[in-house]
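J.: Starting off with a structure, shown below.
The values are calculated or read from the model by the stated rules, or taken from the named source; none is laboratory data. Since the structure is predicted, the reported quantities are computational estimates derived from the model, not experimental observations. Glycine also receives a Cβ, built like all others from the backbone with ideal geometry; neighbour counts cover every protein chain displayed. Heads up: the accessible areas ignore ligands, DNA and RNA and are worked out on the full protein's heavy atoms, side chains in. Shrake-Rupley method; radii C 1.70, N 1.55, O 1.52, S 1.80 Å.
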Amino acid sequence: MYFVTGTDTDCGKTLVSAALLTAAAEQLPGCRNTLGIKPLASGCRLTASGLRNPDAELLMAHASCALPYHRVNPLAFEPAIAPHIAAARSGVDINPEAILALLDRDAMDAADFCLLEGAGGWCLPLGQGRFMPELVQALELPVILVVGMKLGCLNHAMLTQEAIKADGLRIAGWVANRVDAHMACFEENLQTLREVMDSPCLGVIPHLTDADPKAAAACLDLSLLK
């Protein structure tokens, strides 16, 4: 079981999470049941079946465990704003204990490969002085870090790595996702990341115009997971 976080918003966490689910089924021996959970999501659309988030739906589409939507994304908010602000406007408490109580632990434990995808970056506020890392600490999950390859990614990646370590958690691996097709000195930046990151690079995903998780999965090597 892993927690997927990113260097910042729009770094490609969901694409990589869906790719990880696909790669796990293809690469890990005996991996038949895969499950992706999006505990908290804002920017959801209202449907006849309730609020739906495209990130959660993508995880569902690439996982083999079929769960009802509310068990994949138990906390969904319509405004595309910071989740703690959306939750406060809705009168909903999203502290770590509240999130834990809504997770389907039985399904998570039963899966051969399970991941929880965070929202935003590592230090996501949950309101009232609480933060998302507290949830990861409670679950004692290793972290997979998605590095959005663009100008500034070196600083973001190193700061995120230090924050995760300071929270007493370990990074099982990181993925370079080329969000900026025109990033200058891409290879040099990638090499610098290989030198400064403490965990293995699980793969380098090129800029994908259609964000296809199967194409991204072909770029990953999950045998490198620590």
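J.: Taking the simple approach of a point 7 Å from Cα along Cα-to-Cβ for both Glu26 and Asp180, what is their distance in nm?
T.: Modelled inter-label distance: 2.9 nm.
J.: Rounded to the nearest 0.05, what FRET efficiency do Asp106 and Thr192 have when you use their Cβ-Cβ distance and R0 = 41 Å?
T.: According to the calculation, E is roughly 0.45.
J.: Helix 186-196 against the longest principal axis of the chain: what's the angle in degrees, Cα atoms only, rounded to the nearest 10?
T.: Rounded to the nearest ten degrees, it is 80.
J.: At q = 0.13, 0.17 Å⁻¹, what base-10 log of I(q)/I(0) does the Debye formula yield for region 114-173 when every alpha carbon is treated as an equal point scatterer in vacuo?
T.: -0.33, -0.57
J.: In straight Cα distance, which lysines are under 30 Å from Lys214, not counting same-chain residues fewer than 8 positions off?
T.: Lys13, Lys38, Lys150, Lys226
J.: Principal axis extents for region 38-153, Cα atoms only, whole Å, descending order, please.
T.: Cα spread of region 38-153 along its principal axes, largest to smallest: 36, 33, 31 Å.
J.: Expected output is a single nm value to one decimal: the length gained when fully extending between Asn33 and Asp210, i.e. 0.36 nm times separation in residues minus the C-alpha distance. What is it?
T.: That pair, Asn33 and Asp210, stretches by 61.1 nm at full extension.
J.: Now a separate question. Taking θ = phi - 60°, what integer Hz values does the Karplus form 6.51 cos²θ - 1.76 cosθ + 1.60 yield along region 61-72, in sequence order, with x for Gly and Pro?
T.: Once rounded to whole Hz, the list reads 5, 10, 9, 8, 7, 8, 10, x, 3, 5, 8, 8.
J.: Sequence-distant or interchain residues sharing an amide H contact under 5 Å with Phe131, placed H: which?
T.: When sequence neighbours closer than 5 places are left aside, the close amide H contacts are Leu126.
J.: List every residue whose amide H lies under 5 Å from the amide H of Phe77, counting only residues 5 or more places away in sequence or on a different chain, with H placed 1.01 Å from N in the peptide plane.
T.: It is Ala41, Ser42, Gly43, Cys44, by chain and number.
J.: For a quick check: with amide H placed at 1.01 Å from N, whose amide H comes under 5 Å from Val146's, ignoring anything fewer than 5 positions away on the same chain?
T.: Thr5, Gly6, Thr7, Val175
J.: Please go through region 131-204 and write out the GluC sites (Glu not before Pro) that DSSP classes as loop and that have at most 15 other C-beta atoms within 10 Å.
T.: Hits after loop and neighbour filter: Glu140.
J.: Now a separate question. Counting only protein heavy atoms and using a 1.4 Å probe, what share of the accessible area of the chain belongs to carbon plus sulfur, as a whole percent?
T.: Looking at the chain in its full context, I get 53 percent from C and S.
J.: Can you work out the Karplus-derived ³J(HN,Hα) for every residue in region 33-44? Use 6.51 cos²θ - 1.76 cosθ + 1.60 with θ = phi - 60°, whole Hz, and x for glycine or proline.
T.: My calculation for region 33-44 gives 10, 10, 8, x, 10, 10, x, 9, 8, 10, x, 9 Hz in order.
J.: For region 90-148, compute Rh as the Kirkwood radius over C-alpha pairs and then the Stokes-Einstein diffusion coefficient at 10 °C and 1.306 mPa s; write the answer in µm²/s, rounded to an integer.
T.: So the translational diffusion coefficient is about 125 µm²/s.
J.: Then there's this: Hey, what number do you get for the chain at 222 nm if only DSSP H runs of n ≥ 4 count, each worth -39500 (n - 2.57), divided across all residues, to the nearest 500?
T.: Only helices count here, giving -10500 deg cm²/dmol.
J.: Same structure, new question: Rounded to the nearest whole Å², what accessible area per residue is found for the chain with the 1.4 Å probe?
T.: 44 Å²
J.: Just to be sure I understand: of the beta bridges DSSP finds with both ends in the chain, what percent are antiparallel, rounded to 5?
T.: 20 percent
J.: Okay, next question. Along each of the three principal axes of the Cα atoms of the chain, give the extent in whole Å, ordering the values from largest to smallest.
T.: 47, 39, 34 Å, listed from the longest principal axis down.
J.: Relative to the longest principal axis of the chain, what angle (0 to 90°, nearest 10) does the C-alpha long axis of helix 153-166 take?
T.: In the chain, helix 153-166 runs at an angle near 60 degrees to the longest axis.
J.: Moving on to the next point. Relative to the longest principal axis of the chain, what angle (0 to 90°, nearest 10) does the C-alpha long axis of helix 13-27 take?
T.: With rounding to tens, the tilt is 80 degrees.
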